[in-house]
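Read through the structure below, which is laid out as structure tokens, and then see the notes.
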Amino acid sequence: MSLLAAILIISGLFFFTGGSIGILRFPDFYSRLHPAGKLDTMGLLMTMTGMALYTVQEFTLAAIFTSLKILLIIVFVFITSPTATHAILDAGVRAGLSPWTAPGKGERE
Amino acid sequence: MESFFLYGAIYLSLIMILSLYRAVFGPTVLDRMIGVNAIGSKTTALLVLIGLIYQRVEMFVDIALAYACLNFIAVLAASRYFQKRKGLYDEHH
């Protein structure tokens, strides 16, 4: 069980790394939102389920409640992260940020 | 297993520096918000990791939950605020 938790946490950290590098490398504000959303949801899901599994090993009532609370955090973040990303996007669109077009394909519009 | 959590926590805080770069140097204010949002979600994971290191998971899970709520509300408030202000996108755009 703890090996499974370790594997989950490591894959969660992998998603965190991928998301962070994605936020840095992507060319435009709009495209950066994609890894930001992925990092929030996927990274947290993996890491938190890994930790919830590790906590639930003791099978005491308190441990079960704690891992339930960890799952609550996951559900909460899954609901709020898209809303937050949408709020940022809405602010960007209203401010008139035009989406990035690849240098080559820009002229054809 | 303890040291595994410790190394994971250290690794996670190192990744935060990556998104800190976006939060500091982001061209537009909204890029900075993405960076702060990313750091915020990493902190929630880091909090529960620290709870596991200190064997006080109950306390740190509550803190992480509160932090997730705060992070969400902060992003909403900031994006609502920046909608109205003029200096949002970079001037030379």
Q. For chain B, what is the calculated [θ] at 222 nm in deg cm²/dmol (nearest 500), taking -39500 (n - 2.57) for each run of four or more DSSP H residues and dividing by its residue count?
A. -29500 deg cm²/dmol
Q) Per residue of B:68-79, what is the mean number of Cβ atoms on other protein chains within 10 angstrom of that residue's Cβ? A) 5
Q: Quote the charge dipole size of chain B about the Cα centre in Debye, to the nearest 20; the model charges only the Cβ of Lys and Arg (+1) and of Asp and Glu (-1).
A: 380 debye
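Work out the P(r) tail for chain B: percent of alpha carbon pairs separated by more than 21 Å, whole number.
Numbers: 1800 of 4278 pairs.
Roughly 42 percent, rounded to a whole number.
Based on Cβ point charges of +1 for Lys and Arg and -1 for Asp and Glu, what charge dipole magnitude is obtained for segment A:2-93 about its Cα centre, in debye rounded to the nearest 20?
With only Lys, Arg, Asp and Glu charged at Cβ, the dipole is about 100 debye.
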Q | Spatial extent of the protein assembly as shown: Rg and Dmax, with the Cα atoms as the point set, Å | A | 18.2, 65
(Q) Quick check for me: using +1 on Lys/Arg Cβ and -1 on Asp/Glu Cβ, what's the dipole size of the protein assembly as shown about its Cα centre, in debye to the nearest 20? (A) 440 debye
Q. Counting each DSSP H run of 4 or more residues in chain A as -39500 (n - 2.57), what helix-only mean residue ellipticity at 222 nm follows after dividing by all residues, to the nearest 500 deg cm²/dmol?
A. -25500 deg cm²/dmol
Q. Which value in nm describes the separation of the simple spin-label points at residue A:68 and residue A:90, placed 7 Å from the Cα toward the beta carbon?
A. 3.4 nm
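Bear in mind that the values in this text are calculations on the coordinates, not laboratory data. Just so you know, these numbers come straight off a predicted model, no measurement behind them. Ideal geometry is used to build each Cβ from the backbone, glycine not excepted, and the neighbour counts take in all protein chains shown.
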